[in-house]
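Quick notes on the structure that follows.
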Amino acid sequence: MAKKERSPHLQAFLNPIWEANPLFVLILGTCPALAVTTSLESALGMGLLFTFVLVGSNVLISALRKLIPEEVETPSYIVIIATFVCLVEMFSEAFLPELYSSLGVFISLLVVNCIVLGRAEAFANKNGVLDSLLDGIGNGIGYTLAIAIIGLVREILGTGKLSFGNTLTFLPKVSLPILNFSDYGGPDFSLSIFTQPTGAFIVLGVIMAIIAAVKIHKDNKAKERKKQALLAEKSAKAQQKEAK
């Protein structure tokens, strides 16, 4: 039975989460991803702000795509993205001062983030508002998931504990106390290298290697199934000829 194809809307939403993850697969936005992932909390904060900027700019650029002259497309996109970044920056400074201070200049650098500008030029200016909205949400979830995984691994390996729920005060339901794994009778396995940029590259490289290995394994299994199907088809044809 042929595999049922996804609808274009579902494809726009799901592809960036795994198959075309902006960080793990396309390797985009690595600078802020490696800089702000010293903790899970900072990574999630950046992911939420990034998603807001990406979704807002995608939708607005898609809605205005027929009105923006081709000669000034890129400057117009940058102005639109900068507007959403300013909103995010003012909001975080006013209501999330700890997050604002921990992310620092990387909030402002969302203006020139290659993922945000790339989705504007490659997708939003060629597709409708709904698809652009889903593309923005999908890429936002994919990027947030990627940096959250890196932040989680780096924080646990780098400090031996997990602190979450102090900065993201607008998420009280998921607030957790500081978890110090050595308090439960385990050894202090913290390695300070993972709190440094070197550790970020190590974690990213290992995760990308695991993803590549999984993809290669799946591709090999698919090739093997295809090969077996061809052999079975040839065997069936040979038996039909013998029967005749």
Look at ILE147 and say whether it is open to solvent by less than 10 Å² (accessible area, probe 1.4 Å), assigned to a helix (DSSP H, G or I), of a type in the set (Val, Ile, Thr) and under 18 Å from VAL55 (Cβ atoms).
yes
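Which is open to solvent by 90 Å² or more (accessible area, probe 1.4 Å) and modelled with pLDDT of 90 or more, of ILE202, ILE210, ILE178? Can you show your working first?
Details: ILE202 fails: open to solvent by 90 Å² or more (accessible area, probe 1.4 Å); ILE178 fails: modelled with pLDDT of 90 or more.
That would be ILE210, the only listed residue that is open to solvent by 90 Å² or more (accessible area, probe 1.4 Å) and modelled with pLDDT of 90 or more.
Restrict the check to the range 92-114 and report whether at least one residue is part of a loop (DSSP other than H, G, I, E, B) and buried (at least 22 other Cβ atoms within 10 Å of the Cβ). Please lay out each step first, then the result.
Looking only at the range 92-114, we keep the residues that are part of a loop (DSSP other than H, G, I, E, B), and these are 96, 104, 113.
In the following step, the residues that additionally are buried (at least 22 other Cβ atoms within 10 Å of the Cβ) were identified as 113.
Yes, the range 92-114 has at least one match.
Of the residues PHE84, PHE95, PHE106, PHE123, which is under 14 Å from GLY136 (Cα atoms) and either touching a residue at least 60 places away in the same chain (Cβ under 8 Å) or β-branched (Val, Ile, Thr) (or both)? Don't jump to the end; show me each part of the working.
Working: PHE84 fails: either touching a residue at least 60 places away in the same chain (Cβ under 8 Å) or β-branched (Val, Ile, Thr) (or both); PHE95 fails: under 14 Å from GLY136 (Cα atoms); PHE106 fails: under 14 Å from GLY136 (Cα atoms).
Sole residue among the options that is under 14 Å from GLY136 (Cα atoms) and either touching a residue at least 60 places away in the same chain (Cβ under 8 Å) or β-branched (Val, Ile, Thr) (or both): PHE123.
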Log entry, pairs with first residue in the range 218-234 being over 24 Å from GLU19 (Cα atoms) and among the hydrophobic types (A, V, I, L, M, F, W, C), second being open to solvent by 100 Å² or more (accessible area, probe 1.4 Å) and part of a helix (DSSP H, G or I), beta carbons closer than 9 Å, six or more apart or on different chains, reads none
Taking interchain pairs and intrachain pairs at least six residues apart, which have beta carbon atoms under 6 angstrom, with the first residue in the range 33-47 and within 19 Å of VAL116 (Cα to Cα) and modelled with pLDDT of 90 or more and the second among the aliphatic types (A, V, I, L, M) and outside any helix (DSSP H, G or I)?
MET46/VAL36
Tell me, which residue of the range 54-66 that is open to solvent by 10 Å² or more (accessible area, probe 1.4 Å) and of a type in the set (Gly, Ala, Ser) is nearest to the chain's Cα centre (by Cα)?
GLY56
Residues located in the range 117-144, provided they are assigned to a helix (DSSP H, G or I), open to solvent by 40 Å² or more (accessible area, probe 1.4 Å) and of a type in the set (D, E, K, R)
ARG119, GLU121
Looking only at residues that are touching a Ser or Thr at 6+ places or on another chain (Cβ under 9 Å) and polar (S, T, N, Q) in the range 24-51, which one is farthest from VAL153 (Cα to Cα)?
THR51
Among THR30, THR51, THR83, THR38, the single one that is more than 21 Å from the chain's Cα centre (by Cα) and surrounded by 14 or more Cβ atoms within 10 Å (Cβ to Cβ) is THR83
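The values are calculated or read from the model by the stated rules, or taken from the named source; none is laboratory data. The model shown is predicted, which means the values in this text are computed figures rather than measured ones. Positions of Cβ are backbone-derived with ideal geometry, glycine not excepted, and every protein chain shown enters the neighbour counts. Ligands, DNA and RNA are stripped out before the accessible areas are found, and what is left, the full protein with its side chains, is counted by its heavy atoms. Shrake-Rupley method; radii C 1.70, N 1.55, O 1.52, S 1.80 Å.
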